Each structure stands twice: as C-alpha cells, then as structure tokens.
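Peer 1: First the structure, then my questions, so here it is.
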Amino acid sequence: PEQLLPLINDGPLASVVSRSKSQNIINHDFTPSFPLGLLAKDIRLAKAQGMDTPAVNTLSTTLQDALAKGLGASDMMAIYQFLEQEYTV
C-alpha cells in the first residue's frame, strides 16, 4: 500500500475517497466513518433497483463475505483488510 496508493492518488484513478483513506489503509486504521455494513446495504439497494452488472455482483458478494467475517461495523476501507486476509499468498 505504501508504494501503490501514491501511484493511484497521483493518477487518473484517484478519488476523494482514495486520497482521504490512504493513511488509514497504510496504518490499518479502520475506525468507522462510513461503516462497511452501510456500504453493503447501499449496494444491495442498488441491485434491487436494477443495477445488476458483473462489477456490482462481484462487489456485493465480496461485501457480504466481509460482513460474514464480522467487519460490518468497521470503516468501509476494512474491505482492504478483508481482501488482504483472504487473498494474501
């Protein structure tokens, strides 16, 4: 993250969220400002309104898996923590 996030934040994929949450990701600080559970709810509602795309379906499944691991009350950036645990080789 220390090497990748600056590249993201200085390039075309940058966003307000990536810039504001970079230090939290690097420090593994997932103190909630917008809980992962609320993000999962928003994605579920988007799907119910017809946003049924491969990207949304993948995100929805990943968020549900993270909720099952108990990360629902953590900040939405805890998805990084979940992915790190699930996919670190």
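The values are calculated or read from the model by the stated rules, or taken from the named source; none is laboratory data. Owing to the predicted nature of the structure, the values given are computational and were not obtained by experimental measurement. FYI the Cβ positions are ideal-geometry reconstructions off the backbone, even for glycines, and counts take in every protein chain you see. Ligands, DNA and RNA are excluded from the accessible area calculation, which covers all protein heavy atoms including side chains. Shrake-Rupley method; radii C 1.70, N 1.55, O 1.52, S 1.80 Å.
Peer 1: So what's the net charge close to LEU4: Lys and Arg +1, Asp and Glu -1, counting the other residues with Cβ under 15 Å from its Cβ?
Peer 2: Details: positive: ARG19, LYS21; negative: GLU2, ASP10, GLU84.
Computed value for this residue: -1.
Peer 1: Given a 1.4 Å probe and the protein chains all in place, what does the accessible area of SER33 round to, in Å² to the nearest 10?
Peer 2: Probe radius 1.4 Å; accessible area of SER33 about 90 Å².
Peer 1: Would you mind checking which residues have amide H under 5 Å from MET77's amide H? H placed 1.01 Å from N; only 5 or more apart, or other chain.
Peer 2: none
Peer 1: Hey, what do the phi angles of the range 11-25 turn into as Karplus ³J(HN,Hα) couplings, whole Hz, using 6.51/-1.76/1.60 and θ = phi - 60°, x for Gly and Pro?
Peer 2: Going residue by residue, I get x, x, 8, 4, 8, 4, 5, 4, 5, 6, 9, 4, 5, 4, 5 Hz, with x marking Gly and Pro.
Peer 1: Right, next: Residue-wise, which Karplus ³J(HN,Hα) couplings in Hz belong to the range 40-57, taking 6.51 cos²θ - 1.76 cosθ + 1.60, θ = phi - 60°, and x for glycine or proline?
Peer 2: 4, 4, 4, 5, 4, 5, 4, 4, 5, 8, x, 7, 10, 10, x, 5, 5, 5
Peer 1: Taking the Cα centre of the chain as origin and charging only Cβ (+1 Lys, Arg; -1 Asp, Glu), how large is the dipole, in debye to the nearest 20?
Peer 2: Approximately 260 debye in magnitude.
Peer 1: What are the extents of the Cα atoms of the chain along their three principal axes, in Å, largest first?
Peer 2: Result, largest extent first: 36, 29, 29 Å.
Peer 1: Measure nothing fancy, just the Cα-based angle from helix 78-87's long axis to the longest principal axis of the chain, in degrees from 0 to 90, nearest 10.
Peer 2: 90 degrees
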